[in-house]
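A short reminder: the numbers here are calculations on the coordinates, not readings from a lab. Since the structure is predicted, the reported quantities are computational estimates derived from the model, not experimental observations. Cβ placement follows ideal geometry from the backbone for every residue including glycine, while neighbour counts extend to all protein chains displayed.
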Amino acid sequence: MKSLPMKSLLARHLAGALSALAAMAFAADGAKAQDIDLPKTITWSSYTVGSSGYNNTVSIGKVLKDRLGVNLRPIPGKNDIARLAPIRSGKVDFGLAGGGAPFAFEGDLIFARKDWGPQKLRVLVFNNPDSGVVMITRGDSGIKSWADVKGRKVAAVLSSAAIEVAMTGGLAFGGYSWDDVERVEFPGYVASVKGVMNGDADVAFALSTTSVLYQMESSPAGLRYIPMPHDDKEGWARLQKIAFHIVPHSATEGAGMSKDKPLQTGTYPYPVLATYAEKDDDIVYNMTKAMHVFFDDYKDAAPGNRGFGLDRQLYDWVVPFHPGAIKYLKEAGIWKPEYDAHQAKLLAREEVLQSAWAAFKQAAPSDDAAFKEGWLKARRAALTKAGM
């Protein structure tokens, strides 16, 4: 029998080893898939087509289809109310929420109305991005710190209560209120950022990855961020008294930023994969597990997907986790006893809010404006009485 050359033998052994590794990997993936039990079709309420949130959903859906044979059907919604309504009604399993999630939980801002009030929202997975929320000005505005903001033109966005709260909190960080500046109103978020670029306003709230900021950075006037240093504890305390959902964050993604040049600013999770408290624990457990087990498959499939990683989760934020999600996090060795204490505080707060809402509605005024005013007073009174 003719012997094979050494190179041929090595090639055969290498090919065999690679085939074995591939088979092991395939088997491991198969085992992962067998451990996750989801319906053949899952629905998510998502952001509108073309948005980053919609792209997140589509990229995750492809992985669920490839790995589990599960169809993820996105239902686009223009705002937090449009995205939460189908989850509340049971027509949609889960949904992506944004900066409005904490206000839905609290029954505040756009949720302080007859048909909403405090919602029993629960988190599955946070997306904690590399970008940040920033306070911007033009490079030639002369504004280098909050000390230079007094009396200047500050952008307000009529269509977004969440941005209003963020900008009000930003002013509070600097020791100001709207009475200390000139309020300039814009019809939308992008219009407000462009207003700063065009000189119609001096300061605005923005997300660091907003495309207009890159344009502004390369413009003759340039772009400057108003500092929000993390060691300014008093400033952060003032901000979080108003914008309680914004937390300190070192942003590395955005105009003028990089991993080597981070910006000390703030952030809040965006988007948040959420559902309601009554959602079945098992489906929440399996959805949470799928998001984390297959993270490596989708983390680079759309901008911002990396924010869903286990290392990016926030366990001390302002909306509680669902028990099904906690079950998986405990299995993964991530959930700690101190997280239980924070979860208990949030659930106690929810009980106060829900009780206050039920009591208020029994004799609430029919007029919408009076209803909102009365509810916000009742809400504050209940929380104050509970020491919250």
Determine which residues of segment 231-273 fall in the zone a paramagnetic label at HIS342 would reach in this model, i.e. backbone nitrogen under 13 Å from the point 7 Å along Cα→Cβ. 245-248, 269
Taking Cα pairs under 8 Å and at least six residues apart, what relative contact order does segment 133-267 come out at, in percent? 33
Summed residue charge, Cβ within 13 Å of HIS249's Cβ, Lys/Arg positive, Asp/Glu negative: -1
Quick one: grab the alpha carbon gyration tensor of segment 147-203, order the square roots of its eigenvalues as a ≥ b ≥ c, and give me rounded if a/c is under 1.5, else prolate or oblate depending on whether a/b is larger than b/c. oblate
Taking amide H atoms as placed 1.01 Å from N in the peptide plane, list the residues 5 or more away in sequence, or in a different chain, whose amide H sits under 5 Å from that of HIS249. THR265, GLY266, THR267
Per-pair calculated FRET efficiency, R0 = 22 Å: ALA301 and LYS78 via Cβ, rounded to 0.05: 0.35
Please figure out what share of the DSSP beta bridges in the chain is antiparallel and state it in percent, rounded to the nearest 5. 60
Could the peptides 287-297, 360-370 be put in order, highest first, of the mean number of other beta-carbon atoms found within 10 Å of their residues? 287-297, 360-370
In whole Hz, what ³J(HN,Hα) sequence does segment 109-123 give by Karplus (6.51, -1.76, 1.60; θ = phi - 60°), x for Gly and Pro? 6, 5, 9, 8, 9, 3, 8, 10, x, x, 10, 7, 6, 9, 8
For segment 84-160, what is the relative contact order in percent, using Cα pairs closer than 8 Å and at least 6 residues apart in sequence? 14
Under 14 Å from a point 7 Å along the Cα-to-Cβ line of ALA369: which residues of segment 164-190 have their amide N that close? none
As an exercise, take the mean of 1/r over every pair of distinct alpha carbons in segment 133-267, invert it, and state the Kirkwood radius in angstroms. 14.5
Determine the sum of side-chain charges near VAL125: Lys and Arg each +1, Asp and Glu each -1, restricted to other residues whose C-beta is under 13 angstrom from that of VAL125. +4
Contact order normalised by residue count of the chain, Cα under 8 Å, 6+ apart, percent: 20
Angle between the chain longest axis and helix 337-361 axis [Cα atoms, degrees, rounded to 10]: 50
All other residues with a Cβ under 14 Å from the Cβ of VAL272 taken together, and with Lys, Arg as +1 and Asp, Glu as -1, what is their net charge? +2
Quick one: Karplus J couplings for segment 300-316, per residue in order, coefficients 6.51, -1.76, 1.60, θ = phi - 60°, nearest Hz, x for Gly and Pro? 10, 7, 8, x, x, 4, 4, x, 7, x, 4, 6, 9, 6, 10, 9, 10
By average Cβ neighbour count within 10 Å, what is the ranking of 173-181, 150-158 from highest down? 150-158, 173-181
Using label points projected 7 Å from each Cα along Cα→Cβ, tell me how many nm separate LYS261 and ASP180, to one decimal. 2.9
In terms of the Cα gyration tensor, with a ≥ b ≥ c the square roots of its eigenvalues, is the chain rounded because a/c is under 1.5, prolate because a/b exceeds b/c, or oblate? oblate
